[in-house]
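What follows is a set of notes on a single structure, which appears directly below.
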Amino acid sequence: MRVFIDFEASSLGKKSFPIEVAWVFEDGTSKSMLIQPIAEWRDWSPEAEALHGISRDVLEREGVPAATVAHQMMSDLIGHDLFASAPSWDGKWLSTLLRGGGLPRHALRLSRTDEMFLRTARDILGDTVSDDSIADLIAGVIATTEPVSAMHRALPDAGLELQRFHLVREEATKRAALASA
């Protein structure tokens, strides 16, 4: 099953670490957890905190230990197709979390959500539609679903990718029906 994953992080720096993770399965089942930083995770950006609204104090009090989060992710996500809108960043934080939990850093792998959107639309529309038309379809879905708020949280962001997946599939199905009529 497809799973959409998103992380929030301490910063966008080299030594940043994950502070929140959420995943949403294709069927809508979801999970979200704040991540309690481990001792060596020290990097912190006030600018990042302003975007996600999660303080380090909240993480210390309410976060789940990083090892527990890493093992929960392995339990829930192994064997599924994992997607992220920014897999280079989310993959970095996933790797940091897995290593922090004593697991191999590549135990779970992320693929690009937009590439999956392209494959999904192509599977529905077949070879009769150009790559540019499919790219326009996807760009249109993304443009019409841009969040109004600048606040970033992992669960709404992962849920947005699921919503976009459904919309890409619906729009491609409509276009395929029009083309065959």
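The values are calculated or read from the model by the stated rules, or taken from the named source; none is laboratory data. None of the values given here were measured: they were computed from a predicted structure. Note that we place each Cβ from the backbone using ideal geometry, even for glycine, and neighbour counts take in every protein chain shown. We work out accessible area using only protein heavy atoms, side chains counted, and drop any ligands, DNA or RNA first. Shrake-Rupley method; radii C 1.70, N 1.55, O 1.52, S 1.80 Å.
Data table
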read-out	value
Selected residue (criterion: most open to solvent (accessible area, probe 1.4 Å)) from residues of segment 18-58 that are hydroxyl-bearing (Ser, Thr, Tyr) and within 19 Å of the chain's Cα centre (by Cα)	THR29
Count of segment 148-169 residues which are closer than 28 Å to SER11 by Cα, more than 15 Å from the chain's Cα centre (by Cα) and not polar (S, T, N, Q)	3
Selected residue (criterion: farthest from ALA22 (Cα to Cα)) from residues of segment 70-105 that are open to solvent by 30 Å² or more (accessible area, probe 1.4 Å), in contact (Cβ under 8 Å) with a residue 12 or more places away in the chain and aliphatic (A, V, I, L, M)	LEU103
Leading residue by the ranking (farthest from ASP6 (Cα to Cα)) among those in segment 18-71 that are in contact with a Ser or Thr (Cβ under 9 Å, 6 or more places away or on another chain) and assigned to a loop (DSSP other than H, G, I, E, B)	ARG42
Residues of segment 144-157 classified as of a type in the set (A, V, I, L, M, F, W, C) and open to solvent by 70 Å² or more (accessible area, probe 1.4 Å), total	3
Looking only at segment 127-171, and only at residues there that are in a helix (DSSP H, G or I) and basic (Lys, Arg), the one that is nearest to PRO18 (Cα to Cα)	ARG164
Residue match in segment 110-123 (condition: closer than 30 Å to HIS71 by Cβ, small (Gly, Ala, Ser) and surrounded by 12 or more Cβ atoms within 10 Å (Cβ to Cβ))	yes
Filter result for LYS15 (open to solvent by 50 Å² or more (accessible area, probe 1.4 Å), part of a loop (DSSP other than H, G, I, E, B) and on the phi < 0 side of the Ramachandran plot)	yes
Single residue of SER149, SER111 found to be polar (S, T, N, Q) and modelled with pLDDT under 95	SER149
